[in-house]
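**Student:** Sharing a structure, written as structure tokens. Questions coming.
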């Protein structure tokens, strides 16, 4: 950011901050008034496939809390606006939330790009800010009052790939060569940087390392080039359309590495899973949630999913809600627990409590560490197994997305090599 | 190489509508890709609800799209063309149409990636050591058939020749006793009807969201211009050149260069032959 812009930010922030402080005269006088939580959310645009389910999860939490009598005896109210997946709308939305709507707490919208423009605002106004699935947003700012719910852990760059390469290194016969490929876009590039680091760490040999433009239509030439290298490991960092394209091309070209997958976004979505069906078999891919016994053991998750799935159709969102929604719910759950425990809406008190405490949530125990990321990363590696046909119901229960990593959440064994699980 | 040819056939199918409407009628219909996506969703809905094949749906829906196209053109004509305000305001009009289609699809079907199922998706045949994916082969063949059909329509039928005439000399056509507006309505309708099929092909190849259209705007217009405005055969040639260039680059030099090279070809071609490859 240019210094001039920073100065402008500082000035605007300062003026607005002073106004807010002036208005904070008598907070206790509003005891019966609702606690207002504000946020922008991607309800249209590129990220809305995740933004809308995230909103539903937050709404379910609000209803749950209000059923139990609210927070600090006050009902909870959500104030949200559509950020259109456009980072440029974020400053305006949050300024309105804080100055016009006078919300008590704010959380971020969904995704790295929408959290980035919120960081300077949060820092100017000394807000405690909950981040929803941002990758390394706080790496440069190191703002102490930022807390992020995606379980990437302290080293976000390698978080996607670590489980994949750890698993690969453990197999016998041990794979030797690696092909990595990804889209020319922010997340895939980050994941590839992490993958390169891990390849070095585990002593594999890279035989293919390329990127492609996100608007590529046909992936068979890429897959054919990878096939020609005969790589044992194929690591793909892709967004949904390319994930589907790569997977289909892999089947058409007859790609047979020993282990295949890694960082393919989209395979987690119900609409994609139910379209790809058996083509998923054998793919080892990152995930955040799977309906396996080890993941269903956390308190409250079954009730949440039941409610989510009941409301999903009406809301027109992912019918299963296994990827992001549990974490969106956990995010506000954490915030709510902090408010209850500190009996306060004071931003600094909340931040201090959030930093120091381990929370029990629907996604398990959450403890924040360096830069407000999870103290210990917990990105899952799952393998699709025994998928038959394209029915949705098979994905509701365990056994189709077997958790292989991390060890403490493992729910089954890997089928290795890839070709053994493919059919 | 083969993959590029297949891709080219598909690109041709997608670009035919633009070639007809933009190339021949000189209407900057930038909403064309949105109509293609509308075709994709029609295919998706029929595939999900009735198990109908995507491409069959595309074919069945061509009359519906034809009518839709005719209505859109009439609206455009009444509001802009008749008053001689077609250039810039017309562009804005079609931008509006593009957004309306996109947002309507988002509201109705959400923004999840949509795919169709067909027996041939994910399978391939081996021809002389080269695996050819049916998912690409079928759209390519349909694309070729569409090109041929459109070519025959324009060169052999009365209405087709009238369309060619309206693109060349409107006044002369009127003097011959034909109504240029009616002819243009027909041509516009045919162009949009082509989008129905193209959309079905698109969703057969790759998953679709309402905003997928934006990936195709550039390619569609590039192919039309490269091929020569209004030349159907040129569209096919240009589509194949772009497809082959993209595929070869992806295979041998790294996929990140593929688009740059495709558009590089366009620039060079325009510098050497400003009318396009087969343009007049």
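**Student:** Only one of B:107, B:88 is loosely packed, with under 14 Cβ neighbours inside 10 Å, within 14 Å of another protein chain (Cβ to nearest Cβ), in a helix (DSSP H, G or I) and modelled with pLDDT under 85; which? Walk me through it before giving the result.
**Tutor:** Numbers: B:88 fails: within 14 Å of another protein chain (Cβ to nearest Cβ).
Answer to the selection: B:107.
**Student:** Still on this structure: Take the residues in the stretch A:256-276 that are modelled with pLDDT of 90 or more and surrounded by fewer than 21 Cβ atoms within 10 Å (Cβ to Cβ); name whichever of them is farthest from the other protein chains (Cβ to nearest Cβ).
**Tutor:** My answer is A:258.
**Student:** Looking at the stretch B:47-60, can you tell me whether even one residue there is within 14 Å of chain A (Cβ to nearest Cβ), under 23 Å from residue B:190 (Cβ atoms) and touching a residue at least 40 places away in the same chain (Cβ under 8 Å)?
**Tutor:** So far as the stretch B:47-60 goes, yes, one or more of its residues are within 14 Å of chain A (Cβ to nearest Cβ), under 23 Å from residue B:190 (Cβ atoms) and touching a residue at least 40 places away in the same chain (Cβ under 8 Å).
**Student:** May I ask you to say which residue of B:171, B:152, B:127 is loosely packed, with under 13 Cβ neighbours inside 10 Å and within 14 Å of chain A (Cβ to nearest Cβ)?
**Tutor:** Working: B:171 fails: within 14 Å of chain A (Cβ to nearest Cβ); B:152 fails: within 14 Å of chain A (Cβ to nearest Cβ).
The match here is B:127.
**Student:** Let me ask another. If you scan the stretch A:283-316, which residues turn out to be within 14 Å of another protein chain (Cβ to nearest Cβ) and within 29 Å of residue A:171 (Cβ to Cβ)?
**Tutor:** Answer for the stretch A:283-316, where residues must be within 14 Å of another protein chain (Cβ to nearest Cβ) and within 29 Å of residue A:171 (Cβ to Cβ): just A:283.
**Student:** Would you pick out the residues in the stretch A:145-179 that are surrounded by fewer than 18 Cβ atoms within 10 Å (Cβ to Cβ) and under 15 Å from the mean Cα position of the chain (by Cα)?
**Tutor:** Once the filter is applied, which keeps residues that are surrounded by fewer than 18 Cβ atoms within 10 Å (Cβ to Cβ) and under 15 Å from the mean Cα position of the chain (by Cα), the stretch A:145-179 yields A:154, A:155.
**Student:** Also, I was wondering about something else. Which condition number does residue B:29 fail, the rest of (1) part of a helix (DSSP H, G or I); (2) under 14 Å from the mean Cα position of the chain (by Cα); (3) away from chain A (no Cβ under 14 Å) being met?
**Tutor:** (1)
**Student:** Of all residues in the stretch A:63-73, which are buried (at least 19 other Cβ atoms within 10 Å of the Cβ) and in a helix (DSSP H, G or I)? Write out each step before concluding.
**Tutor:** Keep residues of the stretch A:63-73 that are buried (at least 19 other Cβ atoms within 10 Å of the Cβ), which gives A:65, A:71.
Selection gives A:65 alone.
**Student:** Mind listing whichever residues of the stretch A:239-249 are under 24 Å from residue B:242 (Cβ atoms) and touching a helix residue (DSSP H, G or I) at 6+ places or on another chain (Cβ under 6 Å)?
**Tutor:** Scanning the stretch A:239-249 gives a single hit, A:249.
**Student:** Condition test on residue A:49, is it within 14 Å of another protein chain (Cβ to nearest Cβ), assigned to a helix (DSSP H, G or I), under 25 Å from residue A:323 (Cβ atoms) and in contact with a helix residue (DSSP H, G or I) (Cβ under 7 Å, 6 or more places away or on another chain)? Break it down into steps so the answer makes sense when it comes.
**Tutor:** Values: within 14 Å of another protein chain (Cβ to nearest Cβ): yes; assigned to a helix (DSSP H, G or I): yes; under 25 Å from residue A:323 (Cβ atoms): yes; in contact with a helix residue (DSSP H, G or I) (Cβ under 7 Å, 6 or more places away or on another chain): no.
In short, no.
**Student:** Could we say that residue B:276 is touching a residue at least 60 places away in the same chain (Cβ under 8 Å), at positive phi and buried (at least 16 other Cβ atoms within 10 Å of the Cβ) here? Before you say what the answer is, go through the steps one by one.
**Tutor:** On the way: touching a residue at least 60 places away in the same chain (Cβ under 8 Å): no; at positive phi: yes; buried (at least 16 other Cβ atoms within 10 Å of the Cβ): yes.
Considered against the rule, which asks whether it is touching a residue at least 60 places away in the same chain (Cβ under 8 Å), at positive phi and buried (at least 16 other Cβ atoms within 10 Å of the Cβ), residue B:276 comes out as no.
**Student:** Sticking with this one: Look through the stretch A:126-144, keep the residues that are surrounded by 16 or more Cβ atoms within 10 Å (Cβ to Cβ) and farther than 19 Å from residue A:339 by Cα, and return whichever of them is modelled with the highest pLDDT.
**Tutor:** Selected residue: A:143.
**Student:** Next question, about the same structure. Give the residue that is farthest from residue B:134 (Cα to Cα), with candidates limited to residues of the stretch A:206-225 that are surrounded by fewer than 24 Cβ atoms within 10 Å (Cβ to Cβ), more than 7 Å from chain B (Cβ to nearest Cβ) and at pLDDT 90 or above.
**Tutor:** The extreme case among them is A:206.
**Student:** Quick one: how many residues across the stretch B:200-230 are closer than 15 Å to residue B:11 by Cβ, outside any helix (DSSP H, G or I) and away from chain A (no Cβ under 14 Å)?
**Tutor:** Qualifying residue count for the region: 0.
**Student:** Within the stretch B:179-198, is even one residue part of a helix (DSSP H, G or I), under 19 Å from the mean Cα position of the chain (by Cα) and within 14 Å of another protein chain (Cβ to nearest Cβ)?
**Tutor:** yes
**Student:** List the number of the failed condition for residue A:356; all other conditions in (1) closer than 28 Å to residue A:139 by Cα; (2) free of Cβ contacts under 8 Å to residues at least 24 places away in the same chain; (3) buried (at least 16 other Cβ atoms within 10 Å of the Cβ) hold.
**Tutor:** Tallying (1) closer than 28 Å to residue A:139 by Cα; (2) free of Cβ contacts under 8 Å to residues at least 24 places away in the same chain; (3) buried (at least 16 other Cβ atoms within 10 Å of the Cβ), residue A:356 fails exactly one: (3).
**Student:** For residues that are farther than 20 Å from residue B:37 by Cβ and outside any helix (DSSP H, G or I), scanning just the stretch B:61-85, find the one that is nearest to the other protein chains (Cβ to nearest Cβ).
**Tutor:** Across the stretch B:61-85, the extreme among qualifying residues is B:80.
**Student:** Part of a helix (DSSP H, G or I), over 28 Å from residue A:133 (Cβ atoms) and at pLDDT below 95: is that true of residue A:188 in this structure?
**Tutor:** On the way: part of a helix (DSSP H, G or I): yes; over 28 Å from residue A:133 (Cβ atoms): no; at pLDDT below 95: yes.
Against the criterion (part of a helix (DSSP H, G or I), over 28 Å from residue A:133 (Cβ atoms) and at pLDDT below 95), residue A:188 does not qualify.
**Student:** Follow-up question, since we're still on this one. Taking into account only those residues within the stretch B:234-255 that are more than 13 Å from residue B:143 (Cα to Cα) and within 14 Å of the chain's Cα centre (by Cα), which is farthest from the other protein chains (Cβ to nearest Cβ)?
**Tutor:** Per the stated criteria, the residue is B:234.
**Student:** Right, residue A:237: within 14 Å of chain B (Cβ to nearest Cβ), surrounded by fewer than 21 Cβ atoms within 10 Å (Cβ to Cβ) and touching a residue at least 12 places away in the same chain (Cβ under 8 Å) or not?
**Tutor:** Working: within 14 Å of chain B (Cβ to nearest Cβ): yes; surrounded by fewer than 21 Cβ atoms within 10 Å (Cβ to Cβ): no; touching a residue at least 12 places away in the same chain (Cβ under 8 Å): yes.
Taking the combined requirement at face value, the residue does not satisfy it.
The values are calculated or read from the model by the stated rules, or taken from the named source; none is laboratory data. This structure is a prediction, so every number in the text was calculated from the model and none was measured. Every residue, glycine among them, receives a Cβ derived from its backbone with ideal geometry; neighbour counts consider all protein chains shown.
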